[in-house]
Structures are given as C-alpha cells and as structure tokens.
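Reading through the structure tokens given below for one structure.
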C-alpha cells in the first residue's frame, strides 16, 4: 500500500465497514436457535450502570475486523460488547460490521458458545498454520487484548471465564457458576429458567444485589403483577372499610335499641 509522508491514519486509508464484506456466502451453516436466543438474552439483560445506553454497543454473529495489516481478516464472535462507543456507527448508521481501525475502541468482553465443531479453536487448542489468520483465542488475547473472554458450553451448561492478566488469559475460579465484573457493575452467571418459552440453563447478567437483570418482557410482567397486586390490595381495603362501616352501623343501632328499652328517645336528627 502506498504510504504518504507524513503517514496518514489507518482510519483514513484503510477500508471502512461500507467497503468490507459483512457476510461470507461460503461460510458453512447458519446459527441454530440456541445461537440466536442466547445472545438475545445477553443483549436484553446487559445494562451496565456506569455507562449510558447510547455509549454501549453489543452485537452477535457480526464480523469483527481486527488487523489493519490484514484488513480482510475478521472473527465473528457469538456475542461481544464495546463500551464508550456510540451505539450507532458515527452516531448515524446501524453497523454492518465492527472495524477496529475505524472505531478506535476494542471490545471489553467476548462470549463464545461452545459446540463440538468450534471448541478447540474457542479454547485456543488448535495449532496455527502460519499462512492462515490466527485463531479466536490469539486474536482476543494477543491482538485485541480483550479484558474478559467467556466461553459457555451449551451442552454441559458450563461457564468458563478468562481474564487478561499480564498479557495472558487466566481462568477465573467461579462460585456457583457466577462471576462479578466490577468495571461493569454487573455479574454474569448461569440461570435456570424459561426464556422465549424454553426452559433450560441460560447465560445472563445479574445486578449488585445478586438478582437477575430483567428483560423488557419480564419487566412488563412484573409491572402487571404489581398493578394486579395493588388493585387487589385496594379492593381488600375497600372491603375492610365497608365492613368497618357496617360494624359501626350495627353498634349504633344496638345502642339506640338499648336506650329506647330504657325509656329514652334520642334525638337523632
């Protein structure tokens, strides 16, 4: 590539997301239902308290272009999040891909959903052909230096978390399949529950109280339940007031009858 003097920024001379392919028609297979639903649940429950929603970008199965020396090389994480970047590309367009030299901000966390065909690459257990692009592990650890790398085994429902430590990923010992990330003020854990009418263990985010962050549907359901509960409480209070009024009426009538039996005729006007 011809270089100017002084050199120009890669952002100015390298391809943008509009120039790079966002799909590979020769890539075998499409995401199965789990690879569609699980990232969606991560999206819905990812709400870091210390970042406004318009400075958070999350994506799944989106091309991540990472090397300005090889602008056509990319990885396609099952899910990843970037902090401190506009939710829209240059605050105007939905992204076709995420291009590191254009964005200037690396992902903060990546999640890969293990399957038999991808497990060795996801865990960095494959040998690299020097003529081929590096594997996911090397890209996330050595090139992008992503602080947190998470793998979730969809068959064993096992969560593993690797944290960048001294330039290398170190596996974190987990308690109850949960891991707290202080930079996010969020934790990630395995939740047994029903999502999209499917009951099974899922990966989702939880808050500082240890409670699972609710999806929008769950929030609506919770609000509806609270409204129903309030209405029931109001109904009970109204019934109690009615009963108290009836009791007061009965006491007054009893007292009036007693006075009359004693020859008194109260003035009740």
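Pull out the extension gain between residue 207 and residue 219, defined as 0.36 nm times the separation in residues minus the alpha carbon to alpha carbon distance; nm, one decimal. Intermediate values should be presented prior to the final figure.
Details: separation 12, 0.36 × 12 = 4.32 nm, distance 1.47 nm.
So the chain would gain 2.9 nm between residue 207 and residue 219.
Let me know the Rg and Dmax you get for region 34-96 when you use only its Cα atoms, in Å.
Radius of gyration, then largest Cα-Cα span, for region 34-96: 12.8, 36 Å.
In nanometres, what is the gap between the two model label sites at residue 257 and residue 32, each 7 Å from Cα along Cα-to-Cβ?
Going by the 7 Å Cα→Cβ label model, 7.7 nm.
Suppose R0 equals 45 Å. What FRET efficiency, 1/(1 + (r/R0)^6) with r the Cβ-Cβ distance, do residue 178 and residue 12 give to the nearest 0.05?
Values: r = 44 Å, r/R0 = 0.98.
The pair residue 178/residue 12 has a calculated efficiency of 0.55.
Over the chain, calculate the relative contact order: mean separation of alpha carbon pairs under 8 Å at least 6 apart, over the residue count, as a percent. Spell out each step's value before the answer.
Values: 351 pairs, mean separation 37.1, N = 269.
With pairs under 8 Å counted, the relative contact order is 14 percent.
With angles folded into 0 to 90 degrees, how steeply does helix 33-45 sit against the dominant principal axis of the chain? Use alpha carbons for both and round to 10.
The angle comes out near 60 degrees.
Using the 2.2 N^0.38 Å rule of thumb for compact globular proteins, work out how region 46-192 stacks up: its C-alpha Rg over that value, please. Don't jump to the answer; show the numbers that get you there.
Working: Rg = 15.3 Å, N = 147, 2.2 N^0.38 = 14.7 Å.
Here the Cα radius of gyration is 1.04 times the empirical estimate.
By what distance, in whole Å, do the Cα atoms of region 140-211 stretch along each of the three principal axes, largest value first?
41, 29, 21
Which value results when the Cα radius of gyration for the chain is divided by 2.2 N^0.38 Å? If you can, show how the numbers build up before the last one.
Values: Rg = 30.1 Å, N = 269, 2.2 N^0.38 = 18.4 Å.
It is 1.63.
Compute the helix-to-body angle for 216-261: its Cα long axis versus the longest principal axis of the chain, expressed 0 to 90° and rounded to tens.
Taking the Cα atoms of the chain, the angle to 216-261 is about 10 degrees.
Nearest 0.05, what FRET efficiency do residue 232 and residue 142 give at R0 = 41 Å with Cβ-Cβ as r?
On the way: r = 59 Å, r/R0 = 1.43.
With R0 = 41 Å, the Cβ-Cβ based efficiency is 0.10.
Taking Cα centroids, how far is region 138-165 from region 232-259 in Å?
Using only Cα atoms to place each centre, the spacing works out to 67 Å.
Sort 194, 87 by Cβ crowding within 10 Å, fewest neighbours at the top. Write out the running numbers ahead of the final one.
Numbers: 194 9, 87 15.
So the residues, fewest neighbours to most, are 194, 87.
What area, in nm² and to one decimal, does the C-alpha convex hull of region 112-269 cast on average over all directions?
Values: hull surface 71.6 nm².
The directionally averaged projection comes out at 17.9 nm².
In Å, what is the Rg of the alpha-carbon atoms in region 214-269, and how long is Dmax?
In order Rg, Dmax, the Cα atoms of region 214-269 give 22.4, 72 Å.
Each value in this text was obtained by applying a stated rule to the coordinates, not by laboratory testing. No experiment lies behind these values; they were computed from the predicted model shown. Here Cβ is always computed from backbone atoms with ideal geometry, including for glycine, and neighbour counts include all displayed protein chains.
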